[in-house]
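Notes to accompany the following structure.
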Amino acid sequence: MSSQARETLTSESNNIADDIGNFVTLAAVCGQFPNYQLDVPNDGVFSLNTGDMVLIFLESKVWQDSQKMQPFLEKSEDPNLCFICTGTDSEIEALPAELEAANFRSLSIPIRTQQLLNAIHNITRLQALMINADRANKNVKETNDNVKYVLRVSRELNGVRDTKKLLSLILQKAREIANADAGSIYTVDWNEQRENDSRIVFKVTQNETVQQELEEFSIKVNDQSIVGSAVVHQQSINIPDLYELNENPQKNPFHAKHDKTFDLRTGYQCRSMLTIPMFDISYRVIGVIQLINRRNPGIKSLRGVSDFSNNVTEFSAIDIEYAEIVAQQAGIALENALLTLEKEQLFDGFVNAAVTAIEQRDPTTSGHSHRVAKLTLGMAEILNAVDHGRFKDTYFDKRQLKEIEYASLLHDFGKLGVREQVLTKAKKLYPWEYDILTERFEHIRSRFEIEYLREYIDFLTGKATVAPGFDAETYKTTYETRLLELDEFIAFIQKCNEPTVLEQGGFERLKDIGNLTFRDARTKSRPFLSDRELQALSVSRGSLTREEFAEIQSHVVHTYEFLRKIPWGRSFPNVPIIAAKHHEKLDGTGYPKGSFEEEIPTQTRLMTIADIFDALTASDRPYKKAVPVVKALEILEMEVKVQKIDKDLFDIFVESKVYNQVLDKSDGWLAEGI
């Protein structure tokens with residue numbers, strides 16, 4: 001396909017739906033490409049005629065049927081025909097061995113239109129090479145092997161998402177296809193706001209002859225270097241022999257110059273050089289492959305000076321053709337890897353921001369989510385190493401471990417839906433409630449004093465009729481007794497307000513106090529305690545009323561509802577369900593749904609143990625004291641005995657002592673259990 005035709009096709013494809021999800025849509029989109037003639041001879045088959053070659057697209061139901069494929073297999077040696085097997089990733093992975101022939105290609109669906117364009121462009125280029133080789137009757141086998149190699153390279157590159165590994169693989173494959181002794185690879189860091197500040201970053205180097213370790217460095221994007229020129233001019237630069245360059249760079253193509261410092265230091269001569277830009281899907285340079293010293297066939301390394309003169313040749317047109325195809329595939333693979341990295345960084349940023357938001361609402365639990373994640377992840381990794389017993393076949397891959405980490409970090413995300421005053425409630429009465437209560441008792445004290453003074457004045461003025469023996473001291477004693485009783489009430493209420501177990505008979509005494517009344521300044525009868533105060537102070541354990549505890553429990557429902565609205569994609573689909581079940585118990589007594597053993601994932605069971613342990617051993621909080629590790633393990637063991645948490649996982653937790661990862665070394669008494 002000519003560059004003009006490609007530009008036309010690119011322009012036309014902008015008007016076509018971006019996502020192609022099935023074979024019918026694929027045919028419809030291909031039918032709109034210019035310079036191609038569409039033909040649909042049979043169901044599950046369509047062809048594109050480009051003049052000197054025909055691209056035949058086969059649906060999976062066709063190429064998976066040996067009988068239907070027989071006519072196509074009989075024509076598979078015709079270089080003018082190219083058969084493209086389409087299907088899902090899993091179907092393509094199961095492509096039969098007989099369809100690995102040179103004239104068969106594979107195309108995964110779904111696919112974006114621009115990716116389809118690039119795929120067709122690459123296929124036609126490869127097919128054109130085959131046709132030319134067949135017509136010339138020269139080296140057909142080598143061409144087929146190279147084509148198959150390029151196709152395998154494409155599959156390998158698209159299967160790698162780790163950018164460092166991918167860059168090394170790209171350079172290795174580019175060197176192999178061009179038989180280059182050495183090479184380097186660079187990425188381009190574009191500054192979107194200030195393009196003049198964009199940089200070319202050296203990433204990887206390989207050399208079959210000289211072992212070297214070079215640190216990462218960067219240069220500006222300009223045409224002052226060969227790599228920079230390849231980026232700026234967006235084209236490959238082939239220099240047959242660096243040693244034959246003119247000393248005046250202005251007289252060399254692209255003003256190329258060769259710094260021989262490395263050559264003189266190592267004795268390794270950089271002679272032939274091929275520099276190829278890599279493009280992303282938007283046809284923007286995303287990186288550069290630089291190949292050094294094209295070796296003659298059969299030469300494995302370059303040792304002496306004569307080797308560089310006799311066994312190094314310039315990169316041929318066919319070398320450039322194949323290397324550019326690898327570079328184009330590499331550019332798309334690199335973009336996919338970078339997009340994956342960006343997605344992971346986005347998820348990481350979101351998760352950490354969410355944890356920060358949770359901890360800002362409840363500072364007393366700061367660090368809890370990270371500690372739970374560390375414990376849960378630690379146990380999951382230990383579980384991966386178990387080679388016997390119930391968990392010998394349990395294994396969490398890298399993606400699943402990340403999923404566990406995200407779910408653990410976000411297990412309390414739903415607390416954003418719980419009122420902050422409930423989250424941070426340290427005592428049975430809220431501070432403002434306790435202030436109102438104490439002010440009321442001060443008011444009662446004042447009323448007692450006023451009543452005492454009035455009665456005493458009436459006594460002195462003779463207005464009051466009193467029994468014999470009743471004197472002024474009697475009024476004073478009665479008043480002081482009432483004040484003393486009031487002080488006892490306040491002291492008892494203050495004690496009841498603490499989030500400890502309510503003492504024996506405490507509820508009855510509170511009720512008695514609540515039944516007492518006094519008369520305010522308007523002589524209206526008012527109770528010593530309101531119904532709300534009586535209910536809160538009567539909580540038998542902790543600081544929360546039944547309604548407040550239910551609100552706290554609702555955080556797991558909020559967690560699930562929040563998390564399920566986030567598009568976790570195919571990488572982390574189980575984050576919501578893992579996080580939302582961490583308060584469920586194996587016997588069905590947990591919340592929010594009372595799930596039983598078989599409904600609770602192993603990942604969640606790990607998190608449950610981690611969550612309880614950290615809640616028990618975490619630093620003192622206003623509403624509870626931290627407990628030593630030994631005591632915390634005893635509490636967990638009691639949960640095991642009543643079949644609420646997983647015994648086997650708890651045993652692993654104890655035996656591995658994974659909890660040492662999160663213990664504060666300064667809290668020695670916690671670790672020792674003193």
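The values are calculated or read from the model by the stated rules, or taken from the named source; none is laboratory data. Not measured: the values here are computed from a predicted model. Here Cβ is always computed from backbone atoms with ideal geometry, including for glycine, and neighbour counts include all displayed protein chains.
The set of residues in segment 55-95 being surrounded by 19 or more Cβ atoms within 10 Å (Cβ to Cβ), within 18 Å of residue 132 (Cα to Cα) and of a type in the set (A, V, I, L, M) consists of 55 alone.
Out of 106, 76, 47, report the one residue that is within 26 Å of residue 153 (Cα to Cα), in a loop (DSSP other than H, G, I, E, B) and of a type in the set (Gly, Ala, Ser).
Selected residue: 76, the only one of 106, 76, 47 that is within 26 Å of residue 153 (Cα to Cα), in a loop (DSSP other than H, G, I, E, B) and of a type in the set (Gly, Ala, Ser).
Could you grab me the full set of residues in segment 426-446 that are free of Cβ contacts under 8 Å to residues at least 24 places away in the same chain and not in a helix (DSSP H, G or I)? The one that is free of Cβ contacts under 8 Å to residues at least 24 places away in the same chain and not in a helix (DSSP H, G or I): 430. Being modelled with pLDDT under 90, under 22 Å from the mean Cα position of the chain (by Cα) and surrounded by fewer than 17 Cβ atoms within 10 Å (Cβ to Cβ) is true of residue 567.
One residue stands out in segment 514-533 among those that are of a type in the set (A, V, I, L, M) and modelled with pLDDT of 90 or more: the one that is surrounded by the most Cβ atoms within 10 Å (Cβ to Cβ), namely 529. Of all residues in segment 570-591, those satisfying the criterion of being surrounded by 18 or more Cβ atoms within 10 Å (Cβ to Cβ), assigned to a loop (DSSP other than H, G, I, E, B) and touching a helix residue (DSSP H, G or I) at 6+ places or on another chain (Cβ under 6 Å) are 572, 581, 582, 583, 586. The numbered conditions (1) acidic (Asp, Glu); (2) part of a loop (DSSP other than H, G, I, E, B); (3) farther than 30 Å from residue 616 by Cβ are all true for residue 503 except (3). Residues of segment 102-119 that are surrounded by fewer than 19 Cβ atoms within 10 Å (Cβ to Cβ) and either free of Cβ contacts under 8 Å to residues at least 40 places away in the same chain or of a type in the set (D, E, K, R) (or both): 108, 112.
With the structure loaded, tell me whether residue 246 is touching an Asp or Glu at 6+ places or on another chain (Cβ under 7 Å) and at pLDDT below 90 or whether it fails that test. Let's see the steps before the verdict.
Working: touching an Asp or Glu at 6+ places or on another chain (Cβ under 7 Å): no; at pLDDT below 90: yes.
No, not satisfied.
Pairs please, first residue from segment 23-36 and without any contact (Cβ under 8 Å) to a residue 40 or more places away in the chain, second anywhere and charged (D, E, K, R), Cβ atoms under 7 Å, 6+ apart in sequence or on different chains. Qualifying pairs under 7 Å: 32/12; 34/12. Taking the numbered list (1) at pLDDT below 80; (2) touching a helix residue (DSSP H, G or I) at 6+ places or on another chain (Cβ under 9 Å) in turn, residue 145 passes all entries but (2).
The residue list 520, 487 contains one member that is of a type outside the set (Lys, Arg), farther than 30 Å from residue 355 by Cβ and touching a helix residue (DSSP H, G or I) at 6+ places or on another chain (Cβ under 8 Å), which is 520.
Output the residue which, of all residues in segment 198-213 that are more than 30 Å from the chain's Cα centre (by Cα) and free of Cβ contacts under 8 Å to residues at least 24 places away in the same chain, is surrounded by the most Cβ atoms within 10 Å (Cβ to Cβ). Reasoning before the result, please.
From segment 198-213, those more than 30 Å from the chain's Cα centre (by Cα) are 206-213; that's our starting set.
Imposing the further condition that a residue be free of Cβ contacts under 8 Å to residues at least 24 places away in the same chain reduces the set to 211, 213.
Numbers: 211: 7, 213: 5.
Ranking the candidates gives 211 first.
Which one is surrounded by the fewest Cβ atoms within 10 Å (Cβ to Cβ) among residues in segment 598-650 that are among the acidic types (Asp, Glu) and in a helix (DSSP H, G or I)?
598
Within segment 217-227, if we keep just the residues that are under 30 Å from residue 307 (Cβ atoms) and out of contact with any helix residue (DSSP H, G or I) (no Cβ under 7 Å at 6 or more places or on another chain), the residue that is modelled with the highest pLDDT turns out to be 227. Restricting attention to segment 491-500, the residues being surrounded by fewer than 16 Cβ atoms within 10 Å (Cβ to Cβ) and outside any loop (DSSP other than H, G, I, E, B) number 3.
For the condition surrounded by 12 or more Cβ atoms within 10 Å (Cβ to Cβ), of a type outside the set (S, T, N, Q), assigned to a helix (DSSP H, G or I) and in contact with an Asp or Glu (Cβ under 8 Å, 6 or more places away or on another chain), what is the one hit in 358, 382? Before you say what the answer is, go through the steps one by one.
Values: 382 fails: in contact with an Asp or Glu (Cβ under 8 Å, 6 or more places away or on another chain).
Of 358, 382, the one residue that is surrounded by 12 or more Cβ atoms within 10 Å (Cβ to Cβ), of a type outside the set (S, T, N, Q), assigned to a helix (DSSP H, G or I) and in contact with an Asp or Glu (Cβ under 8 Å, 6 or more places away or on another chain) is 358.
Looking at residue 436 and the list (1) among the hydrophobic types (A, V, I, L, M, F, W, C); (2) surrounded by fewer than 19 Cβ atoms within 10 Å (Cβ to Cβ); (3) over 29 Å from residue 545 (Cβ atoms), which single condition is not satisfied? Here residue 436 meets the rest and fails (3). The residue of segment 277-306 that is surrounded by the fewest Cβ atoms within 10 Å (Cβ to Cβ), among those that are in contact with a helix residue (DSSP H, G or I) (Cβ under 7 Å, 6 or more places away or on another chain) and not in a strand (DSSP E or B), is 281.
Filter segment 235-252 for residues that are out of contact with any His (no Cβ under 8 Å at 6 or more places or on another chain) and either exposed (fewer than 12 other Cβ atoms within 10 Å of the Cβ) or of a type in the set (A, V, I, L, M, F, W, C) (or both) and give the result. Result: 237, 239, 244, 246, 247, 248, 250, 251. Among the basic types (Lys, Arg) and at pLDDT 85 or above: is that true of residue 135 in this structure? No: the conditions fail for residue 135. Here 527, 567 are screened, and the one residue that is in the same structural domain as residue 645 (by TED's automatic domain parsing) and not acidic (Asp, Glu) is 567. Note on segment 157-187: residues that are over 10 Å from residue 204 (Cα atoms) and of a type in the set (Gly, Ala, Ser) total 5. Residues of segment 396-455 that are of a type in the set (Val, Ile, Thr) and under 28 Å from residue 605 (Cα atoms): 404, 418, 422, 424.
Exactly one residue among 116, 99 is modelled with pLDDT under 85, in a helix (DSSP H, G or I) and within 29 Å of residue 327 (Cβ to Cβ), and that residue is 99. Evaluate the following for residue 609: is it in the same structural domain as residue 375 (by TED's automatic domain parsing), closer than 26 Å to residue 654 by Cβ and within 25 Å of the chain's Cα centre (by Cα)? Yes, satisfied.
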